[in-house]
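Here's the structure, in structure tokens; my notes come after.
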Amino acid sequence: MLVYFSFIAVLLLFSALKGRKVGSFLAILVSFFFVGLRYETGFDWPVYKGIFESLGENYSWESILFQSLIRSHEVTFVAFLGSIAQVLPSYEYVQAIFTLFFLLSFFRLANAIPGSRPVLALAVFFSFYLTSIGFSTVRQTLAISLFNWGLASYLRGGRWSAYVFMTLAAMSQISSLLYFAGFLVSRSSMSRRLFRPIPYSFFSLMFMLSFPFLIELIAMAVPFVESKIAFYRGLSFSSYFGIMTTGMLILVYLIGLMTAHLLMRRSNAPDGLPNELLCLISALSAIAVGSFFFSVLRERISYEVLLLFSIFLSTRFVKSRITVAAAIIGFGLIVQTRLYFQDPFDLAFVPYQNGVALWLTGSESTGEARSQLYLDIFSEQFR
């Protein structure tokens, strides 16, 4: 894990530089090298690489539909990946492009928030994101990038382009429809009254109780959604009551509660921060808590909650340096404690591998062996 901690430490160092543009450029460069140029790292890269290579050899609607069916992936994402396979020689280029787009969308969104410190926010977010998912969930990263690009457009006044990018996010990962739902709720005229501490808590509880029934109704109406829900339900079954599942739920709930408290205390958002962002954090955290019985959906919503909250934390750094530093340290301790309680899935992404480093040293990748080990561990959970 030393290589991961070193990467986060370097980002924190860049965040302390006086030159904002220099720090941002260095952070993007180092992040692209570390994240974008990884090689056979993560637990789901064989799936996407297999789709890429298969459609690279046989790109047809029959092949696209077949890959979408057996992988339970969105047809639009599979078709998009197949289109890229007609141009690029290997899947590793796809990872690099998606990573670059994520970094650009992150900085675009952070720069749309007055007073934000994008590099600090990125370091806080990556401290959770990389160690929790191990460079995996490629589709979700693309969906997050598209949604955040749309959100940045909305905050800059580009309403129609915002809806276009949010629609593309849903087409790449259908669970990001919950991002869009949270966005619409946060824009409603009653959102400022809804997202106060007591109504927020009530909304989370009622959503938790009604969400399973709502999902079943949607699943009956839309066959494709029904197959996705069955997939999510199967993955969620083994992680209802884990220690760290409860811990992350509490953390996400407290994030929403804190932003709801800020919205109640002031008529305007702190330091000119758009009210929509604070409402969106509360809305998404409420939906995440309400998705208790679908842990995969809950975690995917939590990724966006923690990303937005990381940006919000960075806006408070100048005026509340000690408080924010304490929050970041506490956040880091929670994340690292999580690693000690989770199942040994980290075998799938530790040790870290970089494509350039392997090429320069002439070393062999251990990705295939670690991928098989992960599949064996994962299969044991469902026996």
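The values are calculated or read from the model by the stated rules, or taken from the named source; none is laboratory data. Only a predicted model underlies this, so the values are computations on that prediction, with no experimental measurement involved. Cβ atoms come from the backbone with ideal geometry, glycine included; neighbour counts cover every protein chain shown.
Take the residues of the stretch 33-80 that are modelled with pLDDT under 85 and of a type in the set (A, V, I, L, M): which is surrounded by the fewest Cβ atoms within 10 Å (Cβ to Cβ)?
My answer is Ile70.
Restricting the stretch 145-202 to residues that are closer than 25 Å to Ala96 by Cα and either aromatic (Phe, Trp, Tyr) or part of a loop (DSSP other than H, G, I, E, B) (or both), which is modelled with the lowest pLDDT?
Gln173
How many residues does the stretch 23-59 hold that are assigned to a helix (DSSP H, G or I) and within 14 Å of Tyr91 (Cβ to Cβ)? Walk me through how you get there before you give the answer.
Filtering the stretch 23-59 for residues assigned to a helix (DSSP H, G or I) gives 23-36, 45-57.
From what is left, the residues that are within 14 Å of Tyr91 (Cβ to Cβ) are 36, 45-57.
Within the stretch 23-59, residues that are assigned to a helix (DSSP H, G or I) and within 14 Å of Tyr91 (Cβ to Cβ) number 14.
Between a residue in the stretch 172-183 that is without any contact (Cβ under 8 Å) to a residue 60 or more places away in the chain and among the polar types (S, T, N, Q) and any residue that is assigned to a helix (DSSP H, G or I) and buried (at least 22 other Cβ atoms within 10 Å of the Cβ), which pairs come within a Cβ distance under 8 Å, given they are 6 or more apart or on different chains?
none
Collect the residues in the stretch 60-88 that are under 17 Å from Val47 (Cα atoms) and part of a loop (DSSP other than H, G, I, E, B), keeping them in residue-number order.
Ser72, His73, Glu74 - these are the residues of the stretch 60-88 that are under 17 Å from Val47 (Cα atoms) and part of a loop (DSSP other than H, G, I, E, B).
I want to confirm something. Restricting to the stretch 11-24 and keeping residues that are at pLDDT 90 or above and under 22 Å from the mean Cα position of the chain (by Cα), which single residue is nearest to Ala123 (Cα to Cα)? Walk me through how you get there before you give the answer.
Step one: of the stretch 11-24, the residues at pLDDT 90 or above are 11, 14, 22-24.
Among the residues that remain, those that are also under 22 Å from the mean Cα position of the chain (by Cα) are: 11, 24.
On the way: Leu11: 6, Ser24: 12 Å.
The qualifying residue nearest to Ala123 (Cα to Cα) is Leu11.
Return the pair list, or none, for Cβ contacts closer than 8 Å from residues in the stretch 353-373 that are in contact (Cβ under 8 Å) with a residue 60 or more places away in the chain to residues that are assigned to a strand (DSSP E or B) and surrounded by fewer than 18 Cβ atoms within 10 Å (Cβ to Cβ), at least 6 apart or on different chains.
Matching pairs, first to second residue: none at all.
Within the stretch 1-32, which residues are farther than 18 Å from Ser314 by Cα and surrounded by fewer than 17 Cβ atoms within 10 Å (Cβ to Cβ)?
Answer for the stretch 1-32, where residues must be farther than 18 Å from Ser314 by Cα and surrounded by fewer than 17 Cβ atoms within 10 Å (Cβ to Cβ): Met1, Leu2, Val3, Phe5, Ser6, Leu29, Val30, Phe32.
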